[in-house]
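*Asks:* One structure is given below, represented as structure tokens, and several questions about it will come after.
Values quoted throughout were computed directly from the atomic coordinates according to the rules given, and no laboratory measurement underlies them. It should be emphasised that the depicted structure is a prediction, and the values quoted were computed from it without experimental measurement. Here the Cβ is made from the backbone with ideal geometry for all residues, glycine too, and neighbour counts use every protein chain on show.
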């Protein structure tokens, strides 16, 4: 089973079309899948849009009554998949954005690496200079904010959201976290944090170079470069006190 996990906040213009694109991918790529969407107390028509797709897709919507943020939404989606699975070593979680930044057409290539034995598969940006100005600025300074505090062995771009995680690795990460929150970072830091949480339990990590499509997103970027860089810096300082992950076997393209 592939659990496709999508955090969503006020993405009514895109989330429905994204779900339809996922459906089209799996019509041509025969795999058993389930879509999990966390609706983070959206204030637009996201809830109504999602409701209309429940009849035609294997879709479960987790509705937040109050805003919890990206990190908590991502955590709850991973937790839901870890609880649902019957075969944790065989099943996978696929994380992606609801705003067209991550393309469902890339899923088969990522799953191919997972089925080949990778425990974590990371999509890395093909062009760091692509995207709207706030994204380019953050991508320029984000590595500097973490350079002295964070190591992600084998992964050059730890900031993206499009990834595959073996469910057993996520279960191990939740167990290791115990009563503390799985993710302490927010925004891009949450993506880094999830990678840091899973790397110690992964025997093999692979990276794949793919192109994000910021040009397809109808709304403006929510990134605030200065605030997000400071957030990454504070996150890095806090994470530095944690044990750093050992280097798993890595491969990339």
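*Asks:* Sorted by average packing, counted as other Cβ atoms within 10 angstrom per residue and highest first, what order do 175-181, 199-205 take? Spell out each step's value before the answer.
*Replies:* Working: 175-181: 9.4, 199-205: 20.1.
Per-residue Cβ counts within 10 Å, averaged per peptide and sorted highest first, yield 199-205, 175-181.
*Asks:* Stokes-Einstein diffusion coefficient for segment 2-252 at 4 °C in a medium of 1.567 mPa s, Rh from the Kirkwood formula over Cα pairs: what value in µm²/s? Can you show the working numbers first?
*Replies:* Details: Rh = 18.2 Å.
Taking Rh from Cα pairs, D becomes 71 µm²/s.
*Asks:* May I ask you to derive the relative contact order of the chain, considering only C-alpha pairs under 8 Å and at least 6 residues apart, and to give it as an integer percent?
*Replies:* 23 percent
*Asks:* Next question, about the same structure. Select from 231, 129, 191 the residue whose mean-square fluctuation is largest in a Gaussian network model of the chain (Cα-Cα springs shorter than 10 Å).
*Replies:* Taking springs between Cα atoms under 10 Å, the residue moving most is 129.
*Asks:* Among 20, 188, rank each residue by its count of other Cβ atoms within 10 Å, from fewest to most, as a rough exposure measure.
*Replies:* Placing the least packed residue first, the sequence is 20, 188.
*Asks:* Can you tell me the Rg and Dmax of segment 88-196, counting just the alpha carbons, in angstroms?
*Replies:* 14.4, 40
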